[in-house]
1. For the stretch 87-136, give me each residue that is in contact (Cβ under 8 Å) with a residue 40 or more places away in the chain and hydroxyl-bearing (Ser, Thr, Tyr).
2. In the stretch 99-120, which residues are more than 24 Å from Ala190 (Cα to Cα) and either touching a helix residue (DSSP H, G or I) at 6+ places or on another chain (Cβ under 8 Å) or in a helix (DSSP H, G or I) (or both)?
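Derivation of every value follows stated rules applied to the coordinates shown; laboratory data play no part. Everything numeric in this text was worked out from a predicted model, so none of it was measured. Every residue, glycine among them, receives a Cβ derived from its backbone with ideal geometry; neighbour counts consider all protein chains shown.
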Amino acid sequence: MYSELLLPLIAAMFLAVNMGASGTAPSFSAAYGANIIKRLAIPGVFGLFVLLGAIVAGKQVGVTMGKELIPPEMLTPDILTIVLFSVGLSLLISNYLAVPQSTSQATVFAISGPAIFYNQLNSPKLLLEIIPVWFFLPVISFVLTLGIGKLLYKKIKESPLVDYDKMSNHIVLRILVLLSSCYVAFAIGANNVANASGPIASMVLNELGIDADSEDNFIMIITVTTLIIAPCFAIGSSLFGYRLLQSTGKGIVDFGPVGATLISTVTATLLLLASITKGIPTSLVQLNTFAIIAVGISKIGWKKVIVDRTVRKFWIVWIIAPVFALVLSYTLTALAHKYGIIFF
């Protein structure tokens, strides 16, 4: 029986590798774009803080992904393998195109595929809680960053009383940028690791015949799965992270330490609030990119940023990748059901 758990666990690790690659950009693109941290140092630091975030603040999102969006008894090894494979392939394509993609959106859509096929989707949770947050939080990230950028960032840079070039290179400010990037990685751990560890925890409980409704049982198993899944983020960062760092950190607009700190602080705080208050799996990638766009608008204006080729490519992939994950998981579930591989 335990051999049946191996394939979905491998699929979860494959997903985590791709999530790590995608998550590298929103966590360290700001520091990398400001030339504060070397590329080769990023995977190790990123992986450490992802693990800390997952252990300290990842419980609520794990419950959402493993128990609330879809009945936990549906998360059999066969169905979960389909879900995780669909998400992983979607993210692999996005990583190949050097576009940081929302792991949370792709995972939620992939889980929805089998749930829709078997008419088991928790539609109110998806439509009334999760999806509205996906729309509102990036807007809030943009508005907050643009407002602060207009009021503070730009005024500091243009003030005759402040030598901006010297301030930008001050060791204290550079340390703050690095700490803020680590803060983002912590927020990623609190939100994104659960995309894989939450469903895996429910599957393990099902296969072992343990009560999945018991919070103590679920927390115990998800802690173990987190310790397996989270280190794979560092592997993905090392393998695929560079191109995504280049796209987000230097492809949209160059910014200094002040802008980097602003971007990281706003986006990580919003993601943490979504994680610990409602357990909503959401997109740090989009929060981060909207904040970067806001800083770019503060520096070079609306027209140059909005028509930027990198930004346009982001819009297209952000729409296509989650839909691809949904269609693929639904199709694979239907085929597996038709040929007697899975039943529910």
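1. Ser90, Ser94, Ser102, Thr103, Ser104, Thr107, Ser112, Tyr118
2. Gly113, Pro114, Ala115, Ile116, Phe117, Tyr118, Gln120
Condition check ((1) part of a helix (DSSP H, G or I); (2) touching a residue at least 12 places away in the same chain (Cβ under 8 Å); (3) among the hydroxyl-bearing types (Ser, Thr, Tyr)) across all residues:
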| site | (1), (2), (3) |
| --- | --- |
| Ala31 | yes, yes, no |
| Leu40 | yes, no, no |
| Leu52 | yes, yes, no |
| Lys67 | yes, yes, no |
| Ile70 | no, yes, no |
